[in-house]
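Chemist: Submitted below is the structure of interest, expressed as structure tokens.
The values are calculated or read from the model by the stated rules, or taken from the named source; none is laboratory data. This is a predicted model, so every value here is computed, not measured. With ideal geometry, Cβ positions are generated from the backbone for all residues, glycine too; neighbour counts draw on all protein chains shown. For accessibility, only protein heavy atoms count, side chains too; no ligands or nucleic acids. Shrake-Rupley method; radii C 1.70, N 1.55, O 1.52, S 1.80 Å.
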Amino acid sequence: MFRLFSSNMAFFTHHIKRSFSSSAVRNVVIKNVTIIGGGQMGAGIAQVAASTGHSVTLVDMTDDILKKAMKGIQSSLRRVVKKTFSGDPESGDDFIQKVMQNVSTSTEPSAAIATSDLILEAIVENMKIKQDLFGFLDKMAPEHTIFASNTSSLPISDIASATSRPDRCAGLHFFNPVPLMKLVEVIATTSTSPETSESLLNFTKALGKTPVCCKDTPGFIVNRLLVPYIMEALRLHERGHASKEDIDTGMKLGAGYPMGPFELSDYVGLDTIKFIMDGWSKKEPDNPIFAPSELLNKLVAEGKLGKKTLEGFYKYNK
Ligand code: CAA
């Protein structure tokens, strides 16, 4: 991703001027959004932003990835309109068409970045790549542009440190499936300005989501509680105390969760769960909450990552 952008750097820096005065930085009404990363999360965020009238540019490295993302957005929109426009399929079709018109795609984001109020990254969970990306975009984006990361586990302050605008950097953490999950975590570092937080809170409300605020602490709110719960379920199963099916049934029928921990892990991706846990256990190797799971490590090593690879704890049809 960074390599792709850096080849165009001279072009960007030549064409993009910092044309906003510092007073304009105070209150940013977010209308134009650039989303970097056309995976499941990036595409889901693009869909929701476009559905609520924002102008969205979805950026990724290849046209193939972007084509797949647009196809995913279209089929998710079909599911949404089936419910919201039931009995009026024509209005449903119009809605889909309008939403799709609000999304453009690009492997070359300079024009979009020049007019972006918000750049939101949803790329691979790798600190160096995120820092390189943000450091690079920082040189091209207008002064008022807010930078946000959808990372589920990396410190926002470390990502922001690659920019000259830590006051305009924050976390904006969405949940899968983005079109359905109502929550967005708004993460403020010690450097994030109150105006930036306020702009992001207003943006998430404009998306029809409910924001919650959290400091830049590992796992924020939801993953800090959800991931140890999943790991505890794995350990219960690994000790031979209950089958994964019974644990899933137990949590669905006994605790009212929509999915049991094994189903949810498959849905989120076992690699994602492992990545989050490995990060925490590196920082606190003696904390039993963060102890690794052999079963999880084995499945990830075998490439059984859950629904996306058609096998994780369970098997799936295409
Ligand atoms: N887009 C649009 N609509 C969708 C959709 C999507 N991607 N996925 C499902 N739907 C719709 C379906 O069309 C269906 O609509 P109808 O009721 O009109 O038929 C409805 O949602 C229900 O879907 P399903 O019948 O397929 O399945 P379900 O009832 O089990 O609901 C679910 C699916 C919403 C995913 C639900 O199981 C659920 O809430 N699961 C928990 C998800 C969760 O916890 N997510 C957070 C993960 S953690 C995370 O994301 C953070 C991180 O950093 C790791």
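Chemist: For segment 183-197, which positions are in a strand (DSSP E or B) and either open to solvent by less than 40 Å² (accessible area, probe 1.4 Å) or under 21 Å from residue 27 (Cα atoms) (or both)?
Modeler: 184, 185, 186, 187, 188 - these are the residues of segment 183-197 that are in a strand (DSSP E or B) and either open to solvent by less than 40 Å² (accessible area, probe 1.4 Å) or under 21 Å from residue 27 (Cα atoms) (or both).
Chemist: Then there is this: Being of a type in the set (Val, Ile, Thr), in the same structural domain as residue 181 (by the TED database), in contact with a Gly (Cβ under 9 Å, 6 or more places away or on another chain) and more than 27 Å from residue 308 (Cα to Cα) narrows it down to one of 105, 52, so name that one.
Modeler: 52
Residues checked against (1) crowded, with 17+ Cβ neighbours inside 10 Å; (2) over 15 Å from the mean Cα position of the chain (by Cα); (3) closer than 19 Å to residue 149 by Cα; (4) hydroxyl-bearing (Ser, Thr, Tyr):
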| position | (1), (2), (3), (4) |
| --- | --- |
| 55 | yes, yes, yes, yes |
| 90 | no, yes, no, no |
| 96 | yes, yes, no, no |
| 101 | no, yes, no, no |
| 109 | yes, yes, yes, no |
| 115 | no, yes, yes, yes |
| 124 | no, no, yes, no |
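Chemist: Taking residue 299, is it at pLDDT 95 or above, over 24 Å from the mean Cα position of the chain (by Cα) and more than 11 Å from the ligand (Cβ to nearest atom)?
Modeler: no
Chemist: While we're on this one: Got a sec? Which of 41, 61 is in contact (Cβ under 8 Å) with a residue 60 or more places away in the chain and open to solvent by 50 Å² or more (accessible area, probe 1.4 Å)?
Modeler: When all the criteria are applied, what remains is 61.
Chemist: Now for a separate question. Please verify whether residue 248 is in a helix (DSSP H, G or I), in contact (Cβ under 8 Å) with a residue 24 or more places away in the chain, open to solvent by less than 60 Å² (accessible area, probe 1.4 Å) and under 25 Å from residue 181 (Cβ atoms), treating the condition exactly as stated.
Modeler: So residue 248 does not fit the description; no.
Chemist: Is it the case that some residue within segment 99-110 is away from the ligand (no atom under 14 Å from the Cβ), part of a helix (DSSP H, G or I) and over 24 Å from residue 196 (Cα atoms)?
Modeler: yes
Chemist: Quick one: in segment 145-163, of everything that is of a type outside the set (Val, Ile, Thr), assigned to a loop (DSSP other than H, G, I, E, B) and within 15 Å of the ligand (Cβ to nearest atom), which residue is nearest to residue 119 (Cα to Cα)?
Modeler: 150
Chemist: Pull up segment 251-290, narrow it to residues that are basic (Lys, Arg) and within 16 Å of the ligand (Cβ to nearest atom), then point me to the one that is most open to solvent (accessible area, probe 1.4 Å).
Modeler: Applying the filter and picking the extreme gives 252.
Chemist: Inside segment 164-182, can you point out the residues that are more than 16 Å from the ligand (Cβ to nearest atom) and either surrounded by fewer than 19 Cβ atoms within 10 Å (Cβ to Cβ) or modelled with pLDDT under 95 (or both)?
Modeler: 164, 167
Chemist: Okay, next question. Looking at segment 233-266 only, could you name the residues that are on the phi > 0 side of the Ramachandran plot and in contact with a strand residue (DSSP E or B) (Cβ under 9 Å, 6 or more places away or on another chain)?
Modeler: none
For (1) without any contact (Cβ under 8 Å) to a residue 40 or more places away in the chain; (2) touching a Leu at 6+ places or on another chain (Cβ under 6 Å); (3) not assigned by the TED database to the domain that holds residue 303, each residue gets a yes or a no:
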residue: 227; (1), (2), (3): no, no, no
residue: 238; (1), (2), (3): no, yes, no
residue: 243; (1), (2), (3): yes, no, no
residue: 253; (1), (2), (3): yes, no, no
residue: 263; (1), (2), (3): no, no, no
residue: 277; (1), (2), (3): no, no, no
residue: 286; (1), (2), (3): yes, no, no
residue: 289; (1), (2), (3): no, no, no
